[in-house]
Amino acid sequence: IIIAERIRKMVEDTDFPNEHTQPDGNITVSIGVATFPDHGSTKTELIDAADEALYHAKKSGRNRVCQSKQEQLLKVV
């Protein structure tokens, strides 16, 4: 999460050519984070968990880092 946040901040702070043509006049990233084995024990499970976290980040306002909640779902089931 710390590294993902560092990447997000670096992208946010970088001046890109033609970024003024993007929404809000700048380029940002949303990042979903998943870790092995907490969020998945296979490549597919890990990618799915990171993807779920990415879409949560986008739905929560974009330009943010979110960690997978997959482990909580597995504990409930």
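Close lysine pairs were tallied over the chain: pairs 8 or more places apart or on different chains with Cα atoms under 19 Å apart number 5. Extending 7 Å from Cα along the Cβ direction at K9 and again at K69 yields two label points whose distance is 2.6 nm.
Its Cα gyration tensor gives the chain an equivalent ellipsoid. The semi-axes, each the square root of 5 times an eigenvalue, are 29, 12, 9 Å from largest down. For the range 1-71, the per residue solvent-accessible surface stands at 71 Å², with DNA, RNA and ligands left out and a 1.4 Å probe. Taking amide H as placed 1.01 Å from N in the peptide plane, Q67 has its amide H under 5 Å from the amide H of V33, each at least 5 places away in sequence or on another chain. Placing +1 on each Lys and Arg Cβ and -1 on each Asp and Glu Cβ, with no other charges, gives the range 9-67 a dipole about its Cα centre of roughly 120 debye. Rounded to the nearest 500, the helix-only mean residue ellipticity at 222 nm of the chain stands at -14500 deg cm²/dmol, with each DSSP H run of n ≥ 4 adding -39,500 (n - 2.57). Calculated FRET efficiency, F36 and K58, Cβ-Cβ r, R0 25 Å, to nearest 0.05? The formula returns an efficiency of 0.60 here. Rounding to the nearest 10 and keeping the result within 0 to 90°, find how far the Cα-based axis of helix 43-59 lies from the longest principal axis of the chain. The answer is roughly 50 degrees. The long axis of helix 2-13 is offset from the longest Cα principal axis of the chain by roughly 20 degrees. Stretched out straight at 0.36 nm per residue, the stretch from I27 to I47 would grow longer than its current Cα-Cα span by 4.8 nm. A 1.4 Å probe over all protein chains sorts H56, H39 by accessible area into H56, H39, starting with the largest.
The values are calculated or read from the model by the stated rules, or taken from the named source; none is laboratory data. From a predicted model like this one, the values you see are computed outputs, not experimental measurements. In this analysis, Cβ positions are derived from the backbone assuming ideal geometry, glycine residues included, and neighbour counts consider all displayed protein chains. For the accessible areas, the whole protein counts, side chains as well, though only heavy atoms, and no ligand, DNA or RNA atoms are used. Shrake-Rupley method; radii C 1.70, N 1.55, O 1.52, S 1.80 Å.
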